[in-house]
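As structure tokens, the structure follows; a few thoughts come after it.
Rule-based calculations on the coordinates, nothing more; no lab input. Quick caveat: nothing in here was measured; it's all calculated off a predicted structure. Every residue, glycine among them, receives a Cβ derived from its backbone with ideal geometry; neighbour counts consider all protein chains shown.
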Amino acid sequence: MSGTHREAAGTNASGFVRRGVTRRGFVAAGVASSLLALPIGRAWAAKAVTLKFATNLPLTHPLNVRVAEAAARIKRETNGEVGVRIFPDNQFGGDSEMLELLRLGGIDIFTPSALVLSALVPEVQINALGFAFSDYGKVWQAMDGDLGDFIRSAVGKAGLHMMETVCDNGFRQCTTASRPIQGPGDFSGLSIRVPLSHISISLFQALSARPRGLQFVDLYPALREGAFEAQENPLSIILSSRFYEVQKYVSLTNHMWDGFFFVFNGKTWSGLPGDIQRIVSSAFNDAAALQRADVATANTRALGDLKRKGMIFNETDPDPFRHALRKAGFYAEWKGRFGGKIWGILEKYTGRLG
């Protein structure tokens with residue numbers, strides 16, 4: 001990451017960091033150009049087809065481990081007609097580049113988080129509303145129920161196809177370099193990196209922090225260089241990305257839950273025969289269910305590993321944060337943005353938010 005050539009960063013009015021074109025960006029653009037010279041989507045033929053699956057995660061991450069198993073199953077059950085090739089570790093560029101390639105057909109499958117996918121389908125980020133879900137029981141009831149159905153419908157209207165079972169990315173926690181977050185007042189003036197997501201920017205602005213959006217691929221060097229005092233991610237990501245080298249404190253805020261969605265290019269998906277779709281869908285949905293248990297184990301293990309690496313942990317009470325968000329008008333603003341229908345579905349699982 002540190003060897004990538006970048007222009008100086010700036011910030012737009014929404015708080016997103018403007019970055020120059022990177023070498024990864026040139027690679028992604030080149031791949032897109034060459035692939036878009038061919039018809040987008042595939043007319044089914046008897047010969048074998050390989051689906052390109054892109055992710056920002058390493059091969060060792062539970063998601064990619066389960067995808068590899070799903071790929072083997074798909075190849076076996078289709079008698080070798082369909083293969084899945086995994087491209088891990090941002091090989092096609094950052095999240096924004098991969099989402100664009102998915103939309104255009106340069107890749108067939110991508111696992112964006114809701115915060116990433118919201119750039120194309122704003123409704124999906126409702127699952128990441130600040131301090132909404134109290135525990136995993138509520139999360140899975142919602143995402144396996146009518147909230148997940150609503151999100152999948154919105155994704156379909158954007159020309160993509162989303163699998164029914166959502167993978168777990170985990171509840172997000174805050175890390176800081178010099179002081180812990182114990183209450184909402186500790187966010188005042190704090191420079192914190194967030195994903196390129198309006199709801200993330202809005203959440204931390206409502207808590208009086210100074211959030212800026214930055215692609216994940218650029219986060220470690222930004223923390224190392226002191227561009228941010230803080231960042232927020234699930235524990236397993238904090239560990240696997242070695243943020244313990246550039247951050248000191250972990251505050252268990254559980255301030256939002258986010259998942260990974262198996263999302264297909266719409267034309268790729270519709271080009272598969274029905275029997276092939278059923279095999280692929282079953283394999284990926286089963287992989288997601290197994291990945292959830294893997295991530296729960298990984299986050300528990302990560303907490304102990306991060307403590308052993310010297311990070312200092314503290315727990316927080318969510319109620320003062322929710323009170324601060326209500327007072328700042330955060331929930332009222334996002335209820336207006338999302339609309340009453342999906343907001344009502346959300347509050348079936350979270351209780352009244354504001």
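See the values below:
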item	result
With Cα atoms, 0 to 90° folded angle of helix 62-77 axis to the chain main axis	10 degrees
Whole-Hz ³J(HN,Hα) from phi, Karplus 6.51 cos²θ - 1.76 cosθ + 1.60, for the stretch 312-327, glycine and proline x	9, 9, 8, 9, 10, 9, x, 4, x, 5, 4, 4, 5, 5, 4, 4
Separation of the Gln277 and Thr300 label points, Cα + 7 Å toward Cβ, nm	3.9 nm
Answer label, with volume of the Cα convex hull per residue in Å³ calculated from the coordinates and candidates (1) 145; (2) 128; (3) 187	(2)
Alpha carbon convex hull of the stretch 230-308, volume per residue in cubic angstrom	117 Å³
Residue order, fewest to most beta carbons within 10 Å, for Lys307, Lys138, Lys341	Lys341, Lys307, Lys138
Amide hydrogen neighbours beyond the local backbone of Gln91, cut-off 5 Å, H modeled	Thr55
Bridge type composition, the chain - antiparallel percent by DSSP, nearest 5	50 percent
Positive-end residue of Leu306, His323, Trp343, charge dipole of the stretch 303-354 with Cβ unit charges	Trp343
Links that overshoot a 18 Å alpha carbon limit, given the list Lys138/Lys307; Lys327/Lys348; Lys47/Lys75	Lys138/Lys307; Lys327/Lys348
Unit charges on C-beta of K, R, D, E only; dipole of the chain, Debye	440 debye
Fewest-first ranking of Trp334, Trp140, using other Cβ atoms within 10 Å as the exposure measure	Trp140, Trp334
Distance in nm between pseudo-label sites at Glu315 and Arg352 (7 Å out along the Cβ direction from Cα)	2.8 nm
